[in-house]
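In what follows, a single structure is set out as structure tokens and then discussed.
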Amino acid sequence: MKPDTPMPPEVSFWQALAFWLKLGFISFGGPAGQIAIMHTELVERRRWISEKRFLHALNYCMLLPGPEAQQLATYIGWLMHRSWGGIVAGALFVLPSLFILIALSWLYIAWGEQPLVAGLFYGIKPAVTAIVVQAAHRIGGRALKNGWLWGIAAAAFVAIFALGVPFPAIVAVAALVGYVGGRIAPAKFQAGGGHGKAKASFGPALIDDDTPTPAHARFAWGRLSAVLLAGALLWALPMGLLTTSLGWNHTLTQMGWFFTKAALLTFGGAYAVLPYVYQGAVGHYGWLTPTQMIDGLALGETTPGPLIMVVAFVGFVGGYVKAVFGPESLFLAGAVAATLVTWFTFLPSFVFILAGGPLVESTHNDLKFTAPLTAITAAVVGVIVNLALFFGYHVLWPQGWGSGVDGGSAVIAVAAAVALFRFKLGVIPVIAGCAFMGLLGRWLGLA
């Protein structure tokens, strides 16, 4: 940094809106890639926020259930342009993905049996299995720092794989173990430092290290009460309307309730909550099949936005298959269901940021009470390993154990794993390459 680097110009609400809209269309690569894009654009190039303030906000978002990249965008938008700035930033992070997934879900459900589409998914599904294995390895390498945390991960795996314990119960027990362990052996349950400390300066920023907290970001009981009341009403009104007009047991009402619970359990990211979504959407409600669940994750991996947007696919397929508006309005049913589950999935994230942001801005010291979250993250590793085994079974043995291994899927899965682990390729190139292998295999009659 040169000592005479000028202060960047002030950013209007509309200039920020244009950036958040652009970000919604280019936010590929999962949370790590999305956070990296925001760091490059907002810290390094545009200098809207300093490195230290960026990481401080990110460490808070990492403690919350929900998609941390979307919450980080909401936080920065709120800090710059008040509540509407945060709402616009967070919404535009999600809306492009929602519209794209509605279109892709319709193509999938309407044309999924066509040879071209079937070949693409034949190659993509083994790639998704390898990607989930890599996620378990990546999160485990960061989270499992000692024997205590390894033990929690192993116990979580046994609980969900062998005993069928519901994911919320695993989260609750892990949090309790972390709370007790944090008092007995605090050194074993220290957080891993979030995303590190600020080590670079890229010049003066609009929101710099010593920039005073703006008036709207200071804590006030009245403001906190207003945010919580608004959030409660925005949840209760649509849920009440669904219940009174359609009934509690209607598919759309149950989707709203189920994905509200899912939104509060996404500690550790989308991979952690997918087993819970599978248990409910596939096992309990029958909104879609195991194969469709894998295909939905494949679509989620290839579209911009948070990976948890796979819930839009789940909602679309469930609404379409259940024909909630009758056989003549299948697309409308799917689109409404996808929009509905997206609303209930992301509403808590906005409340967490708009309500908790002033508390975070009141101090730039480290956040406390992270031991339960450290334990939850360790448990998440075991849950993701179970998810990888679930996907591997349905991809490699599509007809069950007695049918033998699908050789083509096995070859593609190994190729994807080598590309990810050995050559460190990104998710999008791996999925594209495996999709091509699937098409080629189908064309040659090998798959």
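The values are calculated or read from the model by the stated rules, or taken from the named source; none is laboratory data. On a predicted model such as this, the values are computed, not experimentally measured, just so you know. Here the Cβ is made from the backbone with ideal geometry for all residues, glycine too, and neighbour counts use every protein chain on show. Please note that ligands, DNA and RNA were not included when accessible areas were found on the heavy atoms of the full protein model with its side chains. Shrake-Rupley method; radii C 1.70, N 1.55, O 1.52, S 1.80 Å.
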For THR345, indicate whether it is farther than 23 Å from SER225 by Cβ, open to solvent by 30 Å² or more (accessible area, probe 1.4 Å) and assigned to a helix (DSSP H, G or I). no
Out of LEU206, LEU242, sole residue that is surrounded by 15 or more Cβ atoms within 10 Å (Cβ to Cβ) and closer than 30 Å to TYR320 by Cβ: LEU242
Leading residue by the ranking (surrounded by the most Cβ atoms within 10 Å (Cβ to Cβ)) among those in the stretch 1-29 that are part of a loop (DSSP other than H, G, I, E, B) and at pLDDT 90 or above: VAL11
Give the number of residues within the stretch 30-69 that are outside any helix (DSSP H, G or I) and closer than 20 Å to ALA18 by Cα. 4
Just one of the numbered conditions (1) over 17 Å from ILE26 (Cβ atoms); (2) open to solvent by 10 Å² or more (accessible area, probe 1.4 Å) is not true of PRO67; which one? (1)
In this structure, is VAL273 assigned to a helix (DSSP H, G or I), under 30 Å from VAL321 (Cβ atoms), within 23 Å of the chain's Cα centre (by Cα) and without any contact (Cβ under 8 Å) to a residue 12 or more places away in the chain? no
So MET80 fits all but one of (1) hydrophobic (A, V, I, L, M, F, W, C); (2) open to solvent by 30 Å² or more (accessible area, probe 1.4 Å); (3) out of contact with any strand residue (DSSP E or B) (no Cβ under 9 Å at 6 or more places or on another chain); what number is the exception? (3)
Any chance GLY438 is open to solvent by less than 30 Å² (accessible area, probe 1.4 Å), assigned to a helix (DSSP H, G or I), in contact with a Pro (Cβ under 9 Å, 6 or more places away or on another chain) and on the phi < 0 side of the Ramachandran plot: yes
Got a sec? Which of ALA162, ALA175, ALA185, ALA118 is closer than 23 Å to TYR278 by Cβ, touching a residue at least 24 places away in the same chain (Cβ under 8 Å), more than 24 Å from the chain's Cα centre (by Cα) and surrounded by fewer than 22 Cβ atoms within 10 Å (Cβ to Cβ)? ALA118
What is the residue count in the stretch 33-54 for residues that are open to solvent by 30 Å² or more (accessible area, probe 1.4 Å), among the aliphatic types (A, V, I, L, M) and within 10 Å of PHE202 (Cβ to Cβ)? 0
Hey, any hits in the stretch 375-398 for a residue that's closer than 30 Å to THR213 by Cα, open to solvent by 60 Å² or more (accessible area, probe 1.4 Å) and out of contact with any His (no Cβ under 8 Å at 6 or more places or on another chain)? no
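Here's the yes/no breakdown for (1) closer than 22 Å to TYR285 by Cα; (2) modelled with pLDDT under 95; (3) not in a helix (DSSP H, G or I):
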position: PHE219; (1), (2), (3): no, yes, yes
position: VAL227; (1), (2), (3): no, no, no
position: LEU237; (1), (2), (3): no, no, no
position: THR244; (1), (2), (3): yes, no, no
position: LEU252; (1), (2), (3): yes, no, no
position: PHE258; (1), (2), (3): yes, no, no
position: ALA262; (1), (2), (3): yes, yes, no
Could you please find all residues in the stretch 278-314 being at positive phi and either in a helix (DSSP H, G or I) or surrounded by fewer than 24 Cβ atoms within 10 Å (Cβ to Cβ) (or both)? GLY286
